[in-house]
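Visitor: Have a look at this one.
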């Protein structure tokens, strides 16, 4: 029996590390997938679904042993922004467009892999990506102010106008909702400092659910998630028009690029720690098939998450079996645990989102460029300002053009 096990492609000596990492990442992924579904403007179930089957696909096809593929904040915001301009958030048509956009992202990534486009994407300016993601992180934080303050705010359509709207809504703030959000945020900060693996999001979710239920805080103005369907999403397919495809193409292209750059960056960083090699075009088609699977099960666009992948590595993962374990546990959570989240406060999820994306504001990167490379600093700042003050697509365009023009000098 021992000889048979030794001949198997999987070394069972890695199993304990893969199991522990798979379980720990699941504890992080449950609250994150719920929170990032809210950023995308879709039901929480769609975020949970995007954290299961796409990860299984990546575990089969991918080249990284540690990359945790699923919902990520930046991609969720990009998807929401692209679709919210076309139809009302939360409508059935919005959900259909989200699923179709996810399919388009997967298709584009597959096409890029066949065209060997991955080698080109590797050379996109890190300054452009840093400025772009920093601006998106601020937009995400602003979009959570409605849940944190407990007031109704319009959809984000401009930086200065939205800041003005937030200040005008201060007299209507629900102090109980705001207090819960701030307390949860402070707990997240302290737990990150105290523990190597930050399980703060899971902790505050459990405590807040019990607190809201026992004290009936949902009857005192604290908005809760409510009933979450435990069954798999009902998918309705439709034949898109050429006009619709062309309308979604720019944002689908941006998501395809950003999700790959983020995924490849973290995969390469972790692989270098173990002297492993990441295959660029294999990563592209793996992400492509993962996004296509997410679309088929009714999920949202996915990418490799920086924080979850790092936790997966630090928790002892040795192979992609850890990803399979996480995906299976997530599926069990969808089927059997979702009713427990009825009393989960939306301000708690907002606190988790804000805490997570604050790390995406690359201020240290800008300081470094200001000291060492004026060219990179200009690219960072111009991309940041164009994205934050004008438009996401414009910001990406400014970054690309700036990178090309300044690289020729």
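Laboratory data are not the source of any read-out in this text; all were calculated from the coordinates shown. As the structure is a computational prediction, the values presented were derived from the model and not from experiment. FYI the Cβ positions are ideal-geometry reconstructions off the backbone, even for glycines, and counts take in every protein chain you see.
Visitor: With n ≥ 4 as the cut-off for DSSP H runs, can you work out [θ] at 222 nm for the chain, using -39500 (n - 2.57) per run divided by the number of residues, rounded to the nearest 500? The partial results should precede the final answer.
Guide: Values: 20 runs with 283 residues, N = 409.
My calculation for the chain gives -22500 deg cm²/dmol from helical runs alone.
Visitor: Oh, and also: Can you give me the three principal axis dimensions of the chain from its C-alpha atoms, in Å, biggest first?
Guide: Taking the Cα atoms of the chain, the three principal extents are 68, 60, 50 Å.
Visitor: Sort 86, 292 so that the residue with the fewest other Cβ atoms within 10 Å of its own Cβ comes first and the one with the most comes last. Provide the component values of the computation, followed by the final result.
Guide: On the way: 86 14, 292 19.
So the ranking, lowest neighbour count to highest, is 86, 292.
Visitor: Rg (Å, one decimal) plus Dmax (Å, integer) for the alpha carbons of region 330-407?
Guide: In Å, with Rg to one decimal and Dmax whole: 19.4, 54.
Visitor: Which of rounded, prolate or oblate describes region 126-212 when judged by the alpha-carbon gyration tensor and an a/c cut-off of 1.5? Please list the in-between numbers first.
Guide: Numbers: a/c = 2.86, a/b = 1.15, b/c = 2.48.
Judged from the Cα gyration tensor, region 126-212 comes out oblate (a/c at least 1.5, b/c at or above a/b).
Visitor: Another question about this same structure. Sort 314, 283, 272 by Cβ crowding within 10 Å, fewest neighbours at the top. List each step's numbers first, then the result.
Guide: Details: 314 14, 283 26, 272 11.
So the residues, fewest neighbours to most, are 272, 314, 283.
Visitor: Quick one: pull the percentage of alpha-carbon pairs in region 212-361 with a separation above 23 Å.
Guide: On the way: 6203 of 11175 pairs.
So the pairs more than 23 Å apart make up 56 percent of the total in region 212-361.
Visitor: Further question on the same structure: Given the options 96, 274, 262, which has the most mean-square fluctuation in a GNM of the chain, springs set between C-alpha atoms less than 10 angstrom apart?
Guide: Maximum among the listed residues: 274.
Visitor: On to the next question. Provide 248, 340 in ascending order of the number of other Cβ atoms located within 10 Å of each residue's Cβ, fewest first.
Guide: Ranking 248, 340 by Cβ neighbours within 10 Å, fewest first, gives 340, 248.
Visitor: Taking 0.36 nm per residue of separation and subtracting the Cα-Cα distance, what length does fully extending residue 340 through residue 92 add? Provide the component values of the computation, followed by the final result.
Guide: On the way: separation 248, 0.36 × 248 = 89.28 nm, distance 2.52 nm.
Additional length available on full extension: 86.8 nm.
Visitor: Ordered by packing density, taken as the mean number of other Cβ atoms within 10 Å over each peptide's residues, highest first, how do 388-396, 137-145, 341-349 rank?
Guide: Values: 388-396: 18.3, 137-145: 20.2, 341-349: 24.0.
Packing proxy ranking, top to bottom: 341-349, 137-145, 388-396.
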